[in-house]
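Following this message is one structure expressed as structure tokens.
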Amino acid sequence: MRVVVPAVIVGRDGLKPALGDTCPVLALQAAGLAVFAIGLLLFFSSLHRFSTEGEGTLAPWDPPRRLVVRGSYRFVRNRMISGVICILAAEAMLLVSLALARSALIFLAMNLVYIPLVEEPGLRARFGDAYREHCRHVPRVVLRLKPWRAERGSGAGS
């Protein structure tokens with residue numbers, strides 16, 4: 001879904017990568033490259049932390065067995081989704097496409113509903129008070145400015 005919708009929009013609208021011909025468009029595209037890099041970093045570092053610290057994967061049949069609250073999880077709880085949203089926004093910026101920007105916003109809105117209604121209850125059940133503590137201090141999708149540090153003995157990170 002995350003790949004299909006942008007591909008359909010690109011094909012439907014005949015979008016092709018091309019350097020902008022004005023300074024504002026070039027600045028938008030340069031920012032898009034930076035946002036794309038951030039998105040890739042968030043997504044792939046999440047996969048790495050899930051496998052090494054969480055002892056699992058992002059696959060529903062092999063989820064992390066340990067709560068991961070280190071690294072960029074000290075800044076944002078759902079960094080994989082944040083990474084995907086960055087990538088989708090970057091595609092819109094690089095291709096200067098309002099249709100891609102709208103699809104990124106729709107994806108964000110869907111996740112802002114899905115995560116608290118479906119994903120978080122399961123995480124609360126699996127990780128209990130440690131996850132609740134993490135939720136109290138770390139935003140769901142938007143990065144906090146300073147990293148949260150779990151207090152010793154809080155259970156977070158174990």
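The values are calculated or read from the model by the stated rules, or taken from the named source; none is laboratory data. None of the values given here were measured: they were computed from a predicted structure. Positions of Cβ are backbone-derived with ideal geometry, glycine not excepted, and every protein chain shown enters the neighbour counts. Just so you know, the surface numbers come from the protein's heavy atoms only, side chains and all, with ligands and any DNA or RNA stripped out. Shrake-Rupley method; radii C 1.70, N 1.55, O 1.52, S 1.80 Å.
Where Rh is the Kirkwood radius over the Cα pairs of the range 44-100, the temperature 20 °C and the viscosity 1.002 mPa s, what D in µm²/s does Stokes-Einstein return?
172 µm²/s
Based on the Cα atoms of the chain, what semi-axes does the equivalent ellipsoid have, where each is the square root of 5 times one gyration tensor eigenvalue, given in whole Å with the largest first?
Taking √(5λ) for each Cα gyration eigenvalue gives 33, 16, 13 Å.
Past the 20 angstrom mark, what percentage of all C-alpha to C-alpha distances in the range 21-77 do you count?
Of the Cα pairs, 41 percent sit more than 20 Å apart.
Using a 1.4 Å probe and counting only protein heavy atoms, arrange D21, D13 so the residue with the most accessible area comes first.
D21, D13
In debye, nearest 20, what is the charge dipole magnitude of the chain about its Cα centre with +1 on Lys and Arg Cβ and -1 on Asp and Glu Cβ, if you could check?
Using Cβ point charges on Lys, Arg, Asp and Glu, the chain gives about 480 debye.
If each DSSP helix of 4+ residues adds -39,500 (n - 2.57) and the sum is divided by the residues in the chain, what number results at 222 nm, nearest 500 deg cm²/dmol?
-20000 deg cm²/dmol
Test of understanding: what is the full-extension gain from R12 to I115, defined as 0.36 nm times their sequence separation minus their Cα-Cα distance?
Result: 34.1 nm gained on full extension.
Which of A31, A89, A59 moves the most in a Gaussian network model of the chain with Cα springs under 10 Å?
The residue that fluctuates most here is A59.
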